[in-house]
1. Just checking, how many residues over segment 34-93 are among the hydroxyl-bearing types (Ser, Thr, Tyr) and modelled with pLDDT under 90?
2. Checking Glu3 against (1) loosely packed, with under 15 Cβ neighbours inside 10 Å; (2) at pLDDT 95 or above, which single condition isn't satisfied?
3. In segment 54-86, which residue that is surrounded by fewer than 13 Cβ atoms within 10 Å (Cβ to Cβ), more than 11 Å from Arg122 (Cβ to Cβ) and among the hydrophobic types (A, V, I, L, M, F, W, C) is farthest from the chain's Cα centre (by Cα)?
4. Of a type outside the set (Gly, Ala, Ser), surrounded by 15 or more Cβ atoms within 10 Å (Cβ to Cβ) and more than 18 Å from Glu13 (Cβ to Cβ): does that describe Val43?
Amino acid sequence: MQEKQVMKKIELEIVALSHNITQTHSYAVVLGEVNGLRRLPIVIGGFEAQAIAVALERMHPSRPLTHDLFANFMAAYNVELTEVIIYKLEEGIFYAKLVCNNNGDITEIDSRTSDALAMAVRAGCKIHTYETIMETAGLSIEQTEGQILPSGESKGSPVHVSNSEVGDSEMKKLNLDELNTLLQQVLEQEDYVRAIRIRDEINSRK
């Protein structure tokens, strides 16, 4: 009998919260590949961004937030959050699950990815995804031959793109080389919210 192929897991860590200043309620949580150069940015809401930031900064609100309440509830009943897995990407939506241990009984609970990450920060558990998801949605911060230089010009034949403020409608008029150039510019500015839209536009043409 042929053994079932096991998908390769990639360990991630939260490396940043990105805010798009042109869109008040637009945030991204940026997950970095542990011992790697890829980044996985995920769009989240303002409330979830606040919940993650509070835990990352080890702040203590006067009253518990929803995620704090859930963490306290789990602790009261001896339920340990051992792992968060981002296991699926479908139509631009990331799906996650909480892996919980209750006295040796393992339970997997479906969760919005933003909520799962807010819980992971509180529990101090590991965050994983699969290589297939990183290949599809991950962004590399490595600069190699032919990519953008600090001056904004590429090696070899330059590809001219005005700047990262190119609108979404204008973005559709750019070719793939120009989109990849724009993506690198936006990554240098750490505007991951906009990088997500450019990445999705690139992927839609493949």
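1. Residues flagged as among the hydroxyl-bearing types (Ser, Thr, Tyr) and modelled with pLDDT under 90 within segment 34-93 amount to 1.
2. For Glu3, the exception is condition (2).
3. Ala76
4. Details: of a type outside the set (Gly, Ala, Ser): yes; surrounded by 15 or more Cβ atoms within 10 Å (Cβ to Cβ): yes; more than 18 Å from Glu13 (Cβ to Cβ): yes.
Yes.
The values are calculated or read from the model by the stated rules, or taken from the named source; none is laboratory data. Note that the coordinates shown come from a computational prediction; the quantities given were computed from them, not determined experimentally. Please note: Cβ atoms are built from the backbone with ideal geometry, for glycine as well, and neighbour counts cover all protein chains shown.
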